[in-house]
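Note sheet for the following structure.
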Amino acid sequence: MPTPRYVIVGGGIVGASVAYHLSERTDDPITVYERTDLASETTSKSTAMIGIGGPDPHSRLKHYGFRLYNEFFAEPAASPRYRQAGRLRVATSPSGATTLERLAADESEQAVACESVRSSPGIFGDGLMEYIPGDEVRKSLLIPPLNTDIVDGALYRPRYGYIQGDSRTLGPRDLAFEFIERAKENGVTFETNTTVTDIRTNGDRVTGVTTDETDTVDADEVVCAAGPWNAQLAETVGLDLPVEHVLSPVFALELDRPFPYTLPAIKSHESSVGLHRKRDDVVLVTYTPGENDGATRYDPETVGDTAPDAVRRTALEWAERLVPQLHDAELVDEWVGVGTSTPDGNPIVGWTPLEGLSVAVTMSGIQLAPAVGSIVARQLVAGDPTEFYDDVSISRFDGYTDATNC
């Protein structure tokens with residue numbers, strides 16, 4: 001195997017996207033190191049939702065992803081299946097409904113003020129997000145199983161869907177393999193079951209990595225795309241990434257009577273419990289009880305796949321409250337994802353204070369992986385900070401800079 005010029009740590013969808021985008025821009029050797037099997041860790045635990053929306057720069061980053069996924073799905077290298085479903089965020093209190101109505105108004109104002117919207121009519125438009133009063137939900141949307149008696153207001157985003165799979169992991173993993181197979185065709189090497197233990201440096205310059213399989217691997221550029229392991233890797237060179245971790249339990253319910261129609265993703269504003277239809281007969285219940293609890297970091301290897309009883313009970317009670325038909329559903333699987341959050345909610349992508357070290361940190365790997373991969377590749381191959389630099393660079397945080405001094 002030739003000595004790689006580029007080493008990517010992490011073989012999930014983000015690392016695979018970085019590898020693919022780099023391989024589209026350079027013929028130099030690229031190697032991806034994955035501690036287990038490709039796309040089998042954080043990526044496989046995703047609910048694989050994809051949709052347009054959210055504050056800037058998320059919406060612009062997602063637009064790139066939609067364009068690329070359209071190209072991929074037209075001539076797939078793997079076998080992803082996408083189902084358009086929509087997304088409904090419901091409030092079950094008057095105060096919650098007021099908050100959702102204000103969010104809709106704020107996003108509408110942002111859309112009007114955004115230059116990209118003025119120059120591209122219809123990208124946002126009335127279909128981006130609609131506020132629906134509680135007593136209008138049943139008149140406006142066909143969602144028979146939703147218990148609208150408890151809904152005081154809702155936000156509906158029609159441009160949402162999910163990657164469908166026959167098992168817990170196949171949907172998101174199939175999407176990751178759209179990048180992996182194309183990267184392999186371009187000559188990228190993927191080393192699985194190989195753990196990168198630390199990043200090697202010489203002064204202020206990265207020189208490669210150390211793995212548990214070999215003493216050292218030389219490289220000109222190292223990209224940390226290892227999801228919740230990014231913080232540990234960065235610490236090996238003294239870089240404290242401004243990130244925290246969020247545990248996200250998921251519970252798979254098998255229905256005794258499959259839904260005969262498409263069900264939008266539903267999330268409770270008050271509880272943070274969400275419902276995602278995975279198959280006609282399987283609904284995923286998500287719950288992020290600690291997403292607003294403050295600074296926390298976990299060792300991802302110590303996080304098991306079983307949620308505390310109280311968390312499971314709360315999630316399933318809220319799921320049944322939202323969709324009473326779930327009362328008779330059987331809990332057939334559960335797992336716990338480890339997400340990564342940043343102080344402002346935006347990704348941290350690209351150059352760092354250490355020359356030769358880049359990072360790819362995002363909470364929404366499925367949705368933002370395409371744009372993240374493109375940004376890293378453009379920076380490393382062309383020296384182009386990209387239009388997203390101010391929004392995603394680590395230098396936007398106090399006390400941080402990057403080696404380019406952009």
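A few notes on this one:
- Tally, over the stretch 2-24, of residues that are touching a Pro at 6+ places or on another chain (Cβ under 8 Å) and within 21 Å of T216 (Cβ to Cβ): 5
- Candidates A154, A225, A219, A176, filtered to the one that is buried (at least 19 other Cβ atoms within 10 Å of the Cβ), over 20 Å from K278 (Cβ atoms), of a type in the set (A, V, I, L, M) and within 20 Å of the chain's Cα centre (by Cα): A225
- Some residue of the stretch 338-353 being within 21 Å of Y160 (Cα to Cα), touching a residue at least 24 places away in the same chain (Cβ under 8 Å) and β-branched (V, I, T): no
- Wholly enclosed strands (runs of 3 or more DSSP E) of the stretch 36-126 bearing at least 2 residues modelled with pLDDT under 90: 49-51, 81-84
- Residue in the stretch 285-300 that is surrounded by 14 or more Cβ atoms within 10 Å (Cβ to Cβ) and farther than 19 Å from H245 by Cβ present: yes
- Test result for G238, assigned by TED's automatic domain parsing to the domain that holds G365 and part of a loop (DSSP other than H, G, I, E, B): yes
- Tallying residues that are assigned to a helix (DSSP H, G or I), in contact with a Gly (Cβ under 7 Å, 6 or more places away or on another chain) and over 15 Å from D56 (Cα atoms) within the stretch 340-368 yields 1.
- If the condition is being surrounded by fewer than 19 Cβ atoms within 10 Å (Cβ to Cβ), among the β-branched types (V, I, T) and under 23 Å from the mean Cα position of the chain (by Cα), then the stretch 179-193 contributes only T192.
- If you go through the stretch 26-48 and pick out every residue that is closer than 25 Å to R87 by Cβ and among the hydrophobic types (A, V, I, L, M, F, W, C), you end up with 2.
- Boolean, T286 is under 18 Å from the mean Cα position of the chain (by Cα) and either within 30 Å of A403 (Cβ to Cβ) or polar (S, T, N, Q) (or both): yes
- Residues in the stretch 333-356 that are over 20 Å from the mean Cα position of the chain (by Cα) and farther than 13 Å from T401 by Cα: D333, G356.
- Applying the condition of being among the β-branched types (V, I, T) and touching an Asp or Glu at 6+ places or on another chain (Cβ under 6 Å) to the stretch 228-258 and asking which residue is surrounded by the most Cβ atoms within 10 Å (Cβ to Cβ) yields V246.
The values are calculated or read from the model by the stated rules, or taken from the named source; none is laboratory data. Worth saying up front: this structure is predicted, and the values here are computed from it rather than measured. As a convention, Cβ positions derive from the backbone with ideal geometry for all residues, glycine included, and neighbour counts pool all protein chains shown.
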